[in-house]
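Asker: Input: one structure, supplied below.
The values are calculated or read from the model by the stated rules, or taken from the named source; none is laboratory data. Treat the numbers as computed from the prediction; the structure is a model and nothing was measured. Cβ: placed from backbone, ideal geometry, glycine included. Neighbour counts: every protein chain shown.
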Amino acid sequence: MLSLLNGSFPTDKKIASVHSIPITKDGSMIMVWDKNEKALTTFGGRIEGNEEINTALNRESIEEAGLILESKRVPIAAWYWESTDTYTVFVMARVKDYVIMPEGFETTGRVTMNFETARQLILKIEGEGLRLELLEIAESVFEQQFKC
């Protein structure tokens, strides 16, 4: 179940993974193509060992998207995993810089677009679901906190 976070990380359960919806200087958003899932998706992953949330997000951003994010990260939503009693948290952040994407990870490249294009692509590829719901939340947060 996806729940709104309104800018604060949840504290009632362990946060096991973190994903990002990066925003470019011109207001576009970035997703990645997952070659295994065959889907347009947010990037991120498990928080390893004693990693802090931001350290994990920094690592995942470079590994899966070749991005360095600004330090301001706004938690927007959380997905609760009943099977592990943990959360995946989704944050929004501005892109600070682009770096070369390393090889060997599940993503093949960045896809930069506006929210409407993302909505249409996701609807066409996979239909209604979590990603569309997350996109609606992200667009609302963008309008309130990130729009130039």
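Asker: Out of curiosity, is MET31 closer than 19 Å to PHE142 by Cα and either touching a residue at least 12 places away in the same chain (Cβ under 8 Å) or not small (Gly, Ala, Ser) (or both)?
Answerer: yes
Asker: Let me ask something additional. If I ask for residues that are over 12 Å from the mean Cα position of the chain (by Cα), closer than 18 Å to VAL89 by Cα and not hydroxyl-bearing (Ser, Thr, Tyr), which ones from segment 33-57 would you list?
Answerer: ARG46, ILE47, GLU48, GLY49, ASN50, GLU51, GLU52, ILE53, ASN54, ALA56 - these are the residues of segment 33-57 that are over 12 Å from the mean Cα position of the chain (by Cα), closer than 18 Å to VAL89 by Cα and not hydroxyl-bearing (Ser, Thr, Tyr).
Asker: In the set TYR80, TYR87, which member is modelled with pLDDT of 95 or more, outside any loop (DSSP other than H, G, I, E, B) and touching a Lys or Arg at 6+ places or on another chain (Cβ under 6 Å)?
Answerer: TYR87
Asker: Still on this structure: As an exercise: evaluate ALA118 against (1) in contact with a Lys or Arg (Cβ under 8 Å, 6 or more places away or on another chain); (2) over 15 Å from PRO10 (Cβ atoms); (3) of a type outside the set (Asp, Glu) and give the number of the one condition it does not meet.
Answerer: Unmet for ALA118, out of (1) in contact with a Lys or Arg (Cβ under 8 Å, 6 or more places away or on another chain); (2) over 15 Å from PRO10 (Cβ atoms); (3) of a type outside the set (Asp, Glu): (1).
Asker: Kindly list the number of the only condition in (1) more than 13 Å from SER17 (Cβ to Cβ); (2) in a strand (DSSP E or B) that fails for GLY45.
Answerer: Every condition holds for GLY45 apart from (1).
Asker: Of the conditions (1) in a strand (DSSP E or B); (2) in contact with a Pro (Cβ under 9 Å, 6 or more places away or on another chain); (3) more than 16 Å from LEU134 (Cβ to Cβ), LYS72 clears all except one; give me its number.
Answerer: Condition not satisfied by LYS72: (2).
Asker: Can you list residue pairs whose Cβ atoms sit under 7 Å apart, with the first residue in segment 114-130 being without any contact (Cβ under 8 Å) to a residue 40 or more places away in the chain and the second being surrounded by fewer than 16 Cβ atoms within 10 Å (Cβ to Cβ) and in a helix (DSSP H, G or I)? Count only pairs 6 or more apart in sequence or on different chains.
Answerer: Pairs that qualify, where the first residue is without any contact (Cβ under 8 Å) to a residue 40 or more places away in the chain and the partner is surrounded by fewer than 16 Cβ atoms within 10 Å (Cβ to Cβ) and in a helix (DSSP H, G or I), are ARG119/LEU132; LEU123/LEU132.
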